[in-house]
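Notes for the one structure printed next.
The values are calculated or read from the model by the stated rules, or taken from the named source; none is laboratory data. Please read these numbers as outputs of a predicted model, since none were measured by experiment. Note that we place each Cβ from the backbone using ideal geometry, even for glycine, and neighbour counts take in every protein chain shown.
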Amino acid sequence: MDAKQLQTYKQHNTLLSQFIVRLSAFYEGFSDKIDSELQILRGHLSGTPNFTLATVSINKLNSALQHQELTLKKYSIETVALLESATKRLQKAVFEDEALKKRATQQLITLNQPVGDIFSIYKLFQQAIELHHAALASSAASEPAVENSKGEAPALENSKESNKDNTVNPLYKSILEELNQLIASYAQRQPDDSQLVDIQKKLTEGMSEDQLLKSCVVILRMIVQDAMAEASLTGKVIQSLHNSLGKMGGDIQLSMDNSRTQFEQRQVGNAQLQSHIESIEEAVSHSDSLESLKEHTQFCVQNIASTLNEQAQLDSQGQESLMGLLGSMQSRIEQLQKQTQTYKKKLAEQMMLSQTDPLTRLPNRQAYNEKLSKAVQFWQDNGDDLAVAVIDIDHFKSINDRFGHAAGDKTLQVVGKNLKQQLTKNTFMARWGGEEFVLLLPGMDKQKVTSLLETMRTKLASLPFKFKQEKVTITASFGASFFKKGDTPDAVFERADNLLYQAKNSGRNRVITDRDE
């Protein structure tokens, strides 16, 4: 081998050594054992290569690679399969979110494409992580507002204790609040119902969306059962009314038939009387003997008396039958009146229950909505001031956490009663849900509204609460908004709610209206 060939050989060895060093460094991190041996190999090949020692390392690496079960290709296939499985599960979890569902479907399409290299898997990982982050954000936005046994929401009730959480799903929260009000209403009437007890327990501990849907189904079944029972009761009342009216109609028809028969009999009797009278007249005109006239007259008079007696008996029987019919009709009318009054009373009680919060005995949201509709119509027709105020008890979650839900229930009852005592004429208050109350203030300007709310605030703060021998001061924050031209009730309530959050963020226990300077 001449010098030129030797020089070329050395250059190739150097180039190959550098390539092996770079290649081993590039794939560092694949396996701890192989990484360690590659590091030794790089040491043998760096600087002045020591091929004898490098050969030893290469043999060890060959043996290690032969026993390495997980190749890069196999790793890629298994990794893509795991990503596909996770994405499919995510797709089911976000089924109702069209945007996330579409992204998950697109991700699955991408995962089913051939994977060119390991860096493609890294990109797939990035996409999967971004998709899961989006799903987590959506899940956080739907975090349930768990209420306590009487309708309070310990999971969300402190959401106003910090900045307003705009990620809370309003539909989920609304459904949960409605469910709690329905549960409380049914629990009051059916305290031993195991399904209601179970749902109330889940509300206290925390309820997933799946559990919420199942609970809604249970309540819907109860509503349908109530509706069927109510329909059955209504049907019975209507059937009773129909039967009574039918019986009365039959009696009236019988009375008319009897009257018609009596009329016909009276006509026959009158004809007989007329005939007897004519016979007497004829006898008087043509009789030749006084004795025969007398006999004939006596005979006719007897017949007249008999006919009059028969008519008197018929009249008496008809009068008795008529009086009996009228008495029967009067009895049935009184019975119908009693049934109707009972039915009306039951309907009124049901209406009252449907519009009353079972815990505080205040009007509920349904009653508020009906009152609001009339107030808005009056405001549109007359232009008088109309305001909506939202009240939220400060630090209510801490009461539930420290003293239990029974203390929270008692707090809501006392606070509701105290706030109601401060109401003025025409003002209206209802329990909105959780620890929130809503006020409807018609015909009051900014000064009167502020004065009333400040009175309510200070009176509440002075109440002597005591739980487990510990004195506690209960305060509330108030937000009020006035109707303006073009406003909808939802827009006004949202403004009042935002002002309430401003009061919370400004230190709580204060009143803020949208007419404050």
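Just for region 351-381: of the residues that are surrounded by 14 or more Cβ atoms within 10 Å (Cβ to Cβ) and among the hydroxyl-bearing types (Ser, Thr, Tyr), which one is farthest from residue 483 (Cα to Cα)?
Once the filter is applied, the top-ranked residue is 360.
From the list 508, 515, exactly one residue is surrounded by fewer than 20 Cβ atoms within 10 Å (Cβ to Cβ), outside any helix (DSSP H, G or I) and in contact with a helix residue (DSSP H, G or I) (Cβ under 6 Å, 6 or more places away or on another chain). Which is it?
Going through 508, 515 in turn, the sole match is 515.
What are the residues in region 447-470 that are modelled with pLDDT under 90 and among the charged types (D, E, K, R), if any?
Those that are modelled with pLDDT under 90 and among the charged types (D, E, K, R): 466, 468, 470.
Residues checked against (1) surrounded by 14 or more Cβ atoms within 10 Å (Cβ to Cβ); (2) out of contact with any helix residue (DSSP H, G or I) (no Cβ under 9 Å at 6 or more places or on another chain); (3) at positive phi:
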position: 297; (1), (2), (3): yes, no, no
position: 303; (1), (2), (3): yes, no, no
position: 308; (1), (2), (3): no, no, no
position: 315; (1), (2), (3): no, no, no
position: 320; (1), (2), (3): no, yes, no
position: 323; (1), (2), (3): no, yes, no
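Could you please find all residues in region 349-361 being more than 18 Å from the chain's Cα centre (by Cα) and assigned to a loop (DSSP other than H, G, I, E, B)?
360, 361
What about residue 262, is it exposed (fewer than 11 other Cβ atoms within 10 Å of the Cβ), within 25 Å of residue 331 (Cβ to Cβ) and modelled with pLDDT under 75?
Here the answer is no, as residue 262 does not meet what is asked.
I'm trying to understand the selection: among the residues of region 479-491, which are modelled with pLDDT of 95 or more and either assigned to a helix (DSSP H, G or I) or of a type in the set (A, V, I, L, M) (or both)?
Within region 479-491, just 480 meets the criteria.
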